[in-house]
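The values are calculated or read from the model by the stated rules, or taken from the named source; none is laboratory data. Nothing here was measured: the structure is a model prediction, and the numbers come from that model. Every residue, glycine as well, gets a Cβ built from its backbone with ideal geometry; the counts of neighbours run over all protein chains shown.
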Amino acid sequence: MKKDFLALSNYSKEEILSLLALAAELKEQKRRREPHPLLAGKTLGMIFEKSSTRTRVSFEVGMYDLGGSALFLSGSDLQLGRGEPLEDTARVLSRYLDGIMIRTFAQEKVETLAKWSSIPVINGLTDYSHPCQIIADLLTIQEHKGRLAGQTLCYIGDGNNVANSLIVGAIKTGMDVRVACPASHQPDAEIMAWAKKNGVFECGENVLEMAEGADVLYTDVWASMGQEAEAAARRKIFAGYQINARVLDAAMRDAIVLHDLPAHKGEEITVEAFEANAGTIFDEAENRLHAHKAIMVHLMR
């Protein structure tokens with residue numbers, strides 16, 4: 001039976017840890033320049049209705065590393081852009097490809113594509129969730145802190161798709177999670193209720209209070225893709241929800257800072273805080289490659 005990668009809520013703690021172990025192994029093989037053609041002869045179709053730097057390059061290079069090939073399919077290039085039903089597109093692509101990665105707006109679109117596809121579907125991002133990013137994030141935390149369980153993660157900013165998936169991934173791997181955000185822009189209510197029931201979770205408006213003693217600080221842009229028209233209003237709403245010197249002082253002295261990029265320096269993070277933690281942030285960006293390779297091997301091998 002085929003398996004998809006649509007949301008971390010569908011994955012157990014053991015499955016997530018297994019993906020992290022595989023990602024670490026594949027990263028070491030690439031570092032040693034050891035061939036690992038685990039998906040030789042396989043083809044991944046990549047549907048982009050939202051543009052990307054890291055998602056496209058990491059999946060395309062990842063398939064090359066694994067001995068397969070990847071096809072870039074923009075929304076305007078497909079018949080989807082001319083009204084072909086998604087279920088028909090899913091069944092057609094299933095006859096040509098070995099897997100599909102889609103980066104789009106609605107989570108329902110990813111779910112429908114997976115329902116009608118006979119091949120694995122990977123959620124490269126939706127407005128609701130970003131599970132691929134979080135595998136890279138957890139790998140980075142594990143590398144820099146030595147473990148996940150028992151660490152305290154503080155997310156600061158918009159309760160968006162990254163926040164939704166980060167809460168699930170962190171709680172499932174034994175981390176305590178705090179979210180600092182305006183009351184009007186909290187993460188998904190059902191996800192927060194699940195987090196409180198299944199782990200240590202807190203959401204509040206006081207940034208310094210949430211950041212106190214944190215091992216990991218994480219932030220994202222205040223206006224995500226598709227919210228450009230709201231950017232000015234969001235700058236007012238999120239003013240103060242920023243990783244800066246005061247927030248770094250509130251966290252543990254050896255706290256790491258993560259950002260899924262691209263960053264709007266001077267908004268959600270100061271230039272100084274970003275550059276002081278650039279090594280870790282770009283480790284996180286690199287780990288997108290290794291995380292995505294692990295996900296593809298897990299689903300398509």
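Odds and ends about this structure:
- You will find that of Asn164, Asn160, the residue that is touching a residue at least 60 places away in the same chain (Cβ under 8 Å) and outside the structural domain of Ser18 (by TED's automatic domain parsing) is Asn160 and no other.
- Residues located in segment 143-156, provided they are part of a helix (DSSP H, G or I) and either modelled with pLDDT under 95 or under 21 Å from Ala263 (Cβ atoms) (or both): Glu143, His144
- Among the residues of segment 239-285, just one is assigned to a helix (DSSP H, G or I) and of a type in the set (Lys, Arg), namely Arg246.
- Matching residues, segment 37-51, being buried (at least 17 other Cβ atoms within 10 Å of the Cβ) and either of a type in the set (A, V, I, L, M, F, W, C) or out of contact with any strand residue (DSSP E or B) (no Cβ under 6 Å at 6 or more places or on another chain) (or both): Leu38, Leu39, Lys42, Leu44, Met46, Ile47, Phe48, Glu49
- Qualifying positions in segment 1-15 - surrounded by 20 or more Cβ atoms within 10 Å (Cβ to Cβ) and part of a helix (DSSP H, G or I): Leu8
- Restricting Gly169, Gly159, Gly174, Gly124 to residues that are under 23 Å from Glu190 (Cβ atoms), assigned to a strand (DSSP E or B) and not charged (D, E, K, R) narrows the list to Gly124.
- Selection status of Ser76, part of a loop (DSSP other than H, G, I, E, B), on the phi < 0 side of the Ramachandran plot and buried (at least 22 other Cβ atoms within 10 Å of the Cβ): no
Quick grid of which residues meet (1) part of a loop (DSSP other than H, G, I, E, B); (2) among the basic types (Lys, Arg); (3) farther than 22 Å from Leu138 by Cβ; (4) at pLDDT 95 or above:
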position	(1), (2), (3), (4)
Leu17	no, no, no, yes
Ala24	no, no, no, yes
Ser51	yes, no, yes, no
Val61	no, no, no, yes
Leu71	no, no, yes, yes
Ala90	no, no, yes, yes
Ile100	no, no, yes, yes
Glu108	no, no, yes, yes
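- Sole exception among (1) in contact with a helix residue (DSSP H, G or I) (Cβ under 9 Å, 6 or more places away or on another chain); (2) farther than 30 Å from Ser94 by Cβ for Ala189, by number: (1)
- Scan segment 276-301 for residues that are more than 16 Å from Ala255 (Cβ to Cβ) and out of contact with any helix residue (DSSP H, G or I) (no Cβ under 8 Å at 6 or more places or on another chain) and the total you get is 5.
- Of all residues in segment 79-129, those being under 21 Å from the mean Cα position of the chain (by Cα), among the hydrophobic types (A, V, I, L, M, F, W, C) and crowded, with 17+ Cβ neighbours inside 10 Å number 9.
This table checks each residue for (1) touching a helix residue (DSSP H, G or I) at 6+ places or on another chain (Cβ under 8 Å); (2) assigned by TED's automatic domain parsing to the domain that holds Thr104; (3) free of Cβ contacts under 8 Å to residues at least 60 places away in the same chain.
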{"residue": "Val221", "(1), (2), (3)": "no, no, no"}
{"residue": "Met225", "(1), (2), (3)": "no, no, no"}
{"residue": "Ala232", "(1), (2), (3)": "no, no, yes"}
{"residue": "Arg235", "(1), (2), (3)": "no, no, yes"}
{"residue": "Ile243", "(1), (2), (3)": "yes, no, no"}
{"residue": "Asp254", "(1), (2), (3)": "no, no, yes"}
{"residue": "His259", "(1), (2), (3)": "yes, no, yes"}
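- Among the residues of segment 39-81, those that are among the acidic types (Asp, Glu) and over 15 Å from Ile122 (Cβ atoms) comprise Asp65, Asp77.
- Considering Gln186, Gln227, the condition of being buried (at least 17 other Cβ atoms within 10 Å of the Cβ) and either within 23 Å of Ala276 (Cβ to Cβ) or over 16 Å from the mean Cα position of the chain (by Cα) (or both) is satisfied by Gln186 alone.
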